[in-house]
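The values are calculated or read from the model by the stated rules, or taken from the named source; none is laboratory data. The structure presented is a predicted model; accordingly, all values stated were derived computationally and were not measured. Please note: Cβ atoms are built from the backbone with ideal geometry, for glycine as well, and neighbour counts cover all protein chains shown. Just so you know, the surface numbers come from the protein's heavy atoms only, side chains and all, with ligands and any DNA or RNA stripped out. Shrake-Rupley method; radii C 1.70, N 1.55, O 1.52, S 1.80 Å.
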Amino acid sequence: DKEAFVKFLGMVQYPEAVDYLVELSTITNNESLRISCIKSLGLIGDKTRAPLFRKYLNMELAADNISQDLVVALSESLGLLKDDFSFPIFEQMLQDNDWPLRYAAAVGLGFLGLGGEALAEALLKERNNETKIAMLDALGKIGNVSYVDVIVKFLDQTGTPYEDRICARFARYKRYQDVKICDMAKEALINIGEDAIPYLIAHFQDEDTN
């Protein structure tokens, strides 16, 4: 079907499809198809489309009924496009009272490769499991060893994303369904690589002596 074809264009990163995908994302009333267009455009990597995505994101954030799926797709694509102008938008989203926006901000920052300090600080205060996992994933993508001390604090958390009471603005989005917090913490450390090993040794030595 058309949506599968759109996803395929992104998977193969077919640059000649950019204009077609932009037009389709603008005219379609099918939100799922629009999201697939946005994700494929992010994968193709045409940075000239970033201003349009930023416009879409700001419009969605100002709406009364926010689609988390769409916000996440836009944040992910802006991150993939390495759009530094999105950074202040993500920073603001990271401080939002509604966890779905904090979650989307973490996704965007992870692909953008910026905002590690803000993410680490927010992670320590975060109560929503799904958002914790997204933040750990983002810190792993950023790959800065200075955040290892924060990541190791989550190695013993076995919680998974759970059904949370969500304000009426948001639809449910389950990117990390059934992923344990501790498993994503391990994955983040693996992504950081060998530089994380001394911090891990110190963490487990301290654990053994307490």
What nm distance separates the two modelled labels at E16 and A62, each placed 7 Å from Cα along Cα→Cβ?
3.8 nm
By the C-alpha gyration tensor axes a ≥ b ≥ c (rounded if a/c is under 1.5, else prolate when a/b exceeds b/c, else oblate), the shape of the range 31-112 is oblate
With the contact rule set at Cα under 8 Å and sequence spacing of 6 or more, what percent relative contact order holds for the chain?
16 percent
K125/K55 FRET efficiency (R0 41 Å; Cβ-Cβ; nearest 0.05)
0.85
How large is the translational diffusion coefficient of the chain in µm² per second when you combine the Kirkwood radius over alpha carbon pairs with Stokes-Einstein at 20 °C and 1.002 mPa s?
121 µm²/s
Heavy-atom accessible area per residue of the chain, all protein chains kept, 1.4 Å probe, expressed in Å², is 51 Å²
Looking at the square roots a ≥ b ≥ c of the eigenvalues of the Cα gyration tensor of the range 1-41, which shape do they give, rounded for a/c under 1.5, prolate if a/b is larger than b/c, or oblate?
oblate
With springs only between Cα atoms under 10 Å apart, run a GNM on the chain and tell me which of I38, I197, I66 wobbles the most.
I197
Given charges at beta-carbon only (K, R positive; D, E negative), |dipole| of the range 52-133 in Debye
80 debye
For the range 20-113, the charge dipole (Cβ of Lys, Arg +1; Cβ of Asp, Glu -1; about the Cα centre) points to a positive end, and the Cα of M93, L33, A62 closest to that extreme belongs to L33
State the percentage of accessible surface on the range 66-153 attributable to carbon and sulfur atoms; use a 1.4 Å probe and exclude ligands, DNA and RNA.
46 percent
Just the number, please: carbon plus sulfur as a percent of the accessible area of the range 1-64, 1.4 Å probe, no ligands or DNA/RNA counted.
54 percent
